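Working notes, structure below.
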Amino acid sequence: MAVITAEDISKRYIIDHKKGKGSTSIKDALGDQLKKVFGGKKPQHPEYEHIEHEDFWALRDVNFSVEQGDRIGIVGHNGAGKSTLLKVLSKITEPTTGRIHIRGRIASLLEVGTGFHPELTGRENIFLNGAILGMTREEIRKQFDAIVDFGGIEKFLDTPVKRYSSGMYVRLGFAIAAHLDPEILIIDEVLAVGDAEFQKKSLGKMRDVSASGRTILFVSHNMTAVQALCNRTLYFERGRLIEQGETNQVVASYLSKISKTKLLREWNTPEEAPGNDLVRVKKIEILPEYVDNQIFIDVRTPFRVRFEFWNMMDRANLNLSLHLYSMTGECIFNVGTLSQPYSRGLISGECLIPGHFLNDGTYNVSMMIVKDTVTPLYNMEEGLIFDVADYRDGVAWYGKWPGFVRPQLSFHTEMMEENILND
Amino acid sequence: MKTHEVVIEPGRSEKNYWRDLWRNRELLYILSMRDISVRYKQTVLGTSWSLIRPLITMMIMFFVFSKVAKLKGDPGIPYPLMILAGLTIWTFFSNAFTQISTSITANSNLVTKVYFPRLIMPLSSSVVSFIDFLVALGLFVVLTIWYQFWPDWHILFLPFFIILALLASFAFGLIFAVLNVRFRDIGQLIPFIVQIGFYACPIAYSSRLVEENAGEWWHPLYYMNPMVGIIDGFKWSLLGEKAFFNPASVINSVAVVILFLFVSIYFFRQRENSFVDDI
């Protein structure tokens, strides 16, 4: 049975270019009206009037339905319309066109600790936030101990929340939300906050909720969490629902589309190529060695970095030096080739980066051409920027895996002696 | 449990809006409690603050209007008592009006994140102002004991005028609450309106003085102000026959308040679904 049916949902915002989004002043509104009434005088900039109000479609012709017990992931770029969809579903804003039919009590958690008041104590805020999320006082009282326990804030119940650490604040907020008892639960990116242990706890709670047959809609940028939790996924781009279906498939196509990876840069003639009078770059390329229909590089994928350059010197001892940087600029490693004598011509180099080596993230590979092992002739600082996607198997933890590298090292445990702790 | 069904469509005003509002009465209670407890937690003086302020205002006004300007009060009624009566109901009206006007913008964090009938927010502002009013009324009672001034049967009409003042603040405040979402500069207009109202209403003076100028061109204008009837009626209920009260003025008040109440609730309901897009 479909619990949510959305037909042709669109949501239009009118963007006011004069002052940006938000409140207008009466003077502006009156001024515009007067201009309309008295006309005559042309605006100073002809195009100005034109762009003053622009339509922006945050959602466009969205159709989908959600079955009882579905766990729906909603993915897409920032500004793709995910949050707008959640707001429309939770009746916070109404759609411009279309119709949604919802069967069941709906609770939406678009923010952790909505309406928390900093001056009020934890106890008071539990009742406040619970009421805001639609619980009755009776329900809150019944769940009170469980909420306090889940949030782990027993000691601070009577402290104003303004004295809470941000972690405690988030834990309390999520604890209240986790004890809501709706038939449909809408969640927006709450896992982006809190420490790893708490994220694990929250995901576990969400799984419990879905196991009890309730329906979940979950917006997240954390693909690992979406894959672990959701059976179906909706993929939005610029307000349109461009793909929906089984999670692994939709997530894969999302990842391949958002990937910043540019696998090849090539110049046909030395004249247009980057470099100098001595050397010029012809090509830098990443050649992934995919297995099983993979369409993007993940932590398992081995790949080769291929580099070709023109040498315009008659005789020179040359070597290549490859640096791999993280997006925050730390150098992860540097490898070089042996220095060899070369005459004028086209030279290539290739480096194999094994699978199960780099952690997930975005990387920048730079290539340096060096003469006589000490003189850099040319350094291509931003050679290629590429993404390595996450992949996990048999791990129930979905937080960001720490570290720059994620090597598969030999590491195992074994039972040394059994039953020695029994009384 | 029967399944809860909702249809979301543009411009579909919720058929069970009023039932929804009733269902959310606990939220109303909790939001009101929040504002009250926050108010009294933040100030060192706490509850006494809502006593000290009117008391000092009353003393200053007594000095300025009665001692310096030598205005005549209603014969037989201590001037300070007359001021405090007018001040009590005016403060109630103006506080409620001000807080209702800003109720939506002040709760923008809720408006953008959760759904509930938006009328809850102005209603909760009314409740908070009403509690403050009860405290101020207590002060008035203490002062009547001090002056050995006992109310008579007129006091039976008191609830009527209190309700009328509440409805008036709600009717006017609601319009400003809606405008305030779209046009933030309205907010700066409100203290100004309240200040003008203070002098246009019989608070520091008695309407008897206005009545003595019955022939003047501004005399009918004075009675067009719906608050005149409400404030005079309130003073009359508390201070009895000796307080000046023109019963005709209250008819005007009732008519204006009811008209504005319908208009403003209609206006509010029209706009409330788009608050989140403008805020």
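A short reminder: the numbers here are calculations on the coordinates, not readings from a lab. Everything numeric here is computed off the predicted structure, so don't read it as measured data. Virtual Cβ from ideal backbone geometry, glycine too; neighbours counted across all protein chains shown.
Brief remarks follow.
- Annotation: aspartates and glutamates with alpha-carbon distance below 14 angstrom to A:Lys91 (same-chain offsets under eight excluded): B:Glu5, B:Glu9, B:Glu14, B:Asp20, B:Glu272, B:Asp277.
- Shielding by partners for peptide A:80-89, expressed as the average number of C-beta atoms from other protein chains within 10 Å of each residue's C-beta, is 1.
- Estimated distance in nm for a label pair at A:Ile420 and A:Met1, the labels positioned 7 Å out from Cα along Cα-to-Cβ: 5.8
- Max mean-square fluctuation residue, GNM over chain B, Cα-Cα springs under 10 Å, options B:Arg23, B:Arg208, B:Arg269: B:Arg23
- Taken over the stretch B:29-278, the alpha-carbon convex hull comes to 137 cubic angstrom per residue.
- Tilt relative to chain A, helix A:166-178 - C-alpha long axis, 0 to 90 degrees, to 10: 60
- Note on B:Glu241 and B:Arg53: their simple-model spin labels are 3.7 nm apart, each label 7 Å out from Cα toward Cβ.
- Computed from the Cβ-Cβ distance with R0 of 60 Å, the FRET efficiency linking B:Phe192 to A:Leu263 stands at 0.40.
- A:Ser212-A:Lys142 FRET efficiency (beta carbon distance; Förster radius 22 Å; 0.05 resolution): 0.85
- Spacing of the two label points (7 Å from each Cα toward its C-beta) at A:His77 and A:Arg344, in nm: 4.7
- Spherically averaged projected area in nm², based on the convex hull that wraps the Cα atoms of the stretch B:1-151: 13.8
- Average projection area in nm² (convex hull over Cα atoms of the stretch A:264-388, one quarter of hull surface): 7.8
- Checking the cross-link pairs A:Lys155/A:Lys201; A:Lys82/A:Lys283; A:Lys162/A:Lys257; A:Lys142/B:Lys113; A:Lys200/B:Lys41 against a 31 Å limit on the alpha carbon distance flags A:Lys82/A:Lys283; A:Lys162/A:Lys257; A:Lys200/B:Lys41 as lying beyond it.
- Rounded FRET efficiency, nearest 0.05, which uses the C-beta distance separating A:Asp8 from A:Ser256 and R0 of 30 Å: 0.60
- Candidate membrane-span-like segments in chain B, meaning DSSP H helices with Cα atoms spread over at least 24 Å of their own axis and a Kyte-Doolittle mean of -0.5 or above, are B:25-42, B:79-101, B:120-146, B:158-182, B:247-271, with no membrane implied.
- Hull-based mean projected area of the protein assembly as shown, where the convex hull spans the alpha carbons, in square nanometres: 49.2
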